[in-house]
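One structure is given here, and the rest of the page talks about it.
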Amino acid sequence: MKKWYGSAAVCINSENKILMVKQGTPDEKKVWSIPSGGKEEGETFEKCCIREVQEETGYDIEINEPLFIKRAISGDYSVTVHYFSGTVIGGEIQIHDPDELIHDIAWQSADDLVKMELSYPDDRKMLLDLLAAGVKKISEGCCFVMLIKPEKLKRGDKIATVSPSSGLAGEETIRARYEQGVRRLEEIFELEVVPMPNSLKGIDYLYNHPEARAEDLMAAFRDDSIKGIIANIGGDDSIRLLPYIDFDVIQQHPKIVMGYSDVTTFHLFCHHAGLSSFYGPAILTDFAENVEMPSYTVDMVKRTLFSDEIIGTIPPAKEWTSEMLEWTDPTNRNTQRTFIPHTGNELLQGKGIARGRLIGGCIEVLEFAKGTVLWPTDTHWDDAILFFETSEEKTKPETIMRWLRNYAAQGILHQANGIVFAKPKDETYYDEYKNVIHTVMLECGLPDLPILYNMNFGHTEPKFILPYGAMAEIDCDKQSFSILESGVL
């Protein structure tokens, strides 16, 4: 895959308007963007940014600070664009563009930005946020790396099933449940399902061959006919795959990746490579649900993976279950699990509205990643909405307290704008977990950090899906949670 590098300038004037250019080839529809362009040989990204603004608008600017890095795939190209905030220090509006692609230049208000057609629609939310903040310092002078969004799924697409953790799906007594999950993907979502070669070789083989599990992941990424990868189930040792992961392969072949629990490590592989992945349903637990898939889960899969519209407000499920009916008993496939009325999201603390980009996972599994290359850098925690869930291990509250104290000691809790916690497995330690959360927040001086609890993701069914890196919102007054952008392109 070829690589393209460029820079883009965010210039806001004293009237809180942003500098925009209308551009396009002679035979294209002309649309708006901020000044941007490709880096020439020997240029720094900063010099590229200054040159592009001068050529496209006639203005001379100075760079204030880097804002973030955006990565994407466009055709055969891996595209990396460095965004900078800049201030106009001279010049006047005049087009000098040697490529003759610029047709108009204007300072645009937030109201204008809402209405206009953009070359890069994903930039709209970011630009509006910057206008609202007056180009405030995004991350204390550090550069935030935006994650690549994969393309949405559509009817007829091929997806791979993988076993990055446990090899349970390959056991003879479980195979019928795996096949039931596959049928749901085929019949409800009209997808073609391909099991990766090692994924169904069973518990013993996959435990003894972490390199075979990693080989399946890498092969699924390299195969461009495969549009998505869904984990069969979690486990407890996917961290053993780390030595065998090629992060360039993940970055150069972005596609949907979904799962939860120990699949948190797989998500961190993607995150380290710059790809947004999806904390959500797995084959054996969700797609193979007894009798039928909950309509809530079906709707969330369609809203998140099959649509490039804004995901929007995530309503609490009306009922929930985590009852375990033995999977090896074939009669249970026709026995509906007992669902219990759901009491909804619970606000533990905070007021007003908090927004930030999603990052988190299964709190037990995140412990495995600390101290490795997978652990996100400081900038990824800045202004984030953290999401945490606990596993079927039903970790004792005092252990959760110690882990949260570690997040406080790292500065992560102070960097975050809010936290969402999933419903605990079987609601075990429901009140005790709340108490330790309150305790740690008081200890570290964060009694007003917005926190929602009892949410439908992780080790509970049905569940919604969390796209890593997506902008999310906690509304404390409404006790609501929203995802403010699409998860896919």
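A compact table of results
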{"read-out": "The chain, relative contact order [Cα under 8 Å, separation at least 6], %", "value": "14 percent"}
{"read-out": "Qualifying aspartates and glutamates (Cα of each under 13 Å from Cα of K255; at least 8 residues distant if same chain)", "value": "E151, D157, D223, D224"}
{"read-out": "Accessible surface of V79 - all protein chains present, 1.4 Å probe, nearest 10 Å²", "value": "30 Å²"}
{"read-out": "Accessible surface, segment 252-368, averaged per residue in Å² (probe 1.4 Å)", "value": "36 Å²"}
{"read-out": "Per-peptide average of other Cβ atoms within 10 Å, ordering 478-484, 203-209 highest first", "value": "478-484, 203-209"}
{"read-out": "Over the chain: helical MRE at 222 nm, DSSP H runs n ≥ 4 each giving -39500 (n - 2.57), nearest 500", "value": "-7500 deg cm²/dmol"}
{"read-out": "Amide H contacts under 5 Å for Q349, placed H, 5+ residues apart", "value": "I451"}
{"read-out": "Amide proton proximity set for N64, modelled H, under 5 Å, gap of 5+", "value": "S85, G86, T87"}
{"read-out": "Segment 1-95: translational diffusion in µm²/s, Stokes-Einstein, Kirkwood Rh over Cα pairs, 10 °C, 1.306 mPa s", "value": "114 µm²/s"}
{"read-out": "Among the listed pairs K154/K302; K22/K115; K227/K425, those beyond 20 Å (Cα-Cα)", "value": "K227/K425"}
{"read-out": "Karplus-derived 3J(HN,Hα), 6.51/-1.76/1.60, for each residue of segment 166-181, Hz, glycine and proline x", "value": "6, x, 4, 4, x, 6, 4, 6, 10, 4, 5, 5, 4, 5, 5, x"}
{"read-out": "HN-Hα J in Hz across segment 351-365 - Karplus 6.51, -1.76, 1.60, θ = phi - 60°, x for Gly and Pro", "value": "8, x, 10, 10, 10, x, 8, 6, 7, x, x, 6, 5, 5, 6"}
{"read-out": "For A8, distant residues with modelled amide H under 5 Å away", "value": "H82, Y83, F84"}
{"read-out": "Among 192-198, 394-400, 369-375, the order from most to least packed when residues are scored by Cβ within 10 Å on average", "value": "192-198, 394-400, 369-375"}
{"read-out": "Accessible surface of segment 316-410 [probe 1.4 Å, protein heavy atoms]: carbon and sulfur percent", "value": "51 percent"}
{"read-out": "Formal net charge of residues neighbouring G156 (Cβ-Cβ distance under 12 Å; K, R +1; D, E -1)", "value": "0"}
{"read-out": "Packing rank of 172-181, 426-435, where each peptide gets the mean count of other beta carbons within 10 Å, highest leading", "value": "172-181, 426-435"}
{"read-out": "Accessible surface of segment 1-125, 1.4 Å probe, proportion on carbon and sulfur as whole %", "value": "46 percent"}
{"read-out": "Links that overshoot a 30 Å alpha carbon limit, given the list K149/K370; K149/K394; K370/K434; K30/K70; K2/K463", "value": "K149/K394; K2/K463"}
{"read-out": "Heavy-atom surface of segment 1-127, accessible at 1.4 Å and reported per residue (Å²)", "value": "51 Å²"}
{"read-out": "³J(HN,Hα), Karplus 6.51/-1.76/1.60, whole Hz, each residue of segment 306-312, x for Gly, Pro", "value": "10, 10, 9, 7, 4, 5, x"}
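The values are calculated or read from the model by the stated rules, or taken from the named source; none is laboratory data. These numbers were taken from a predicted model, which means no experiment stands behind them. A quick note on method: Cβ atoms are made from the backbone with ideal geometry, for glycine too, and the neighbour counts reach across all protein chains shown. Side chains included, ligands, DNA and RNA excluded: accessible areas come from the protein's heavy atoms. Shrake-Rupley method; radii C 1.70, N 1.55, O 1.52, S 1.80 Å.
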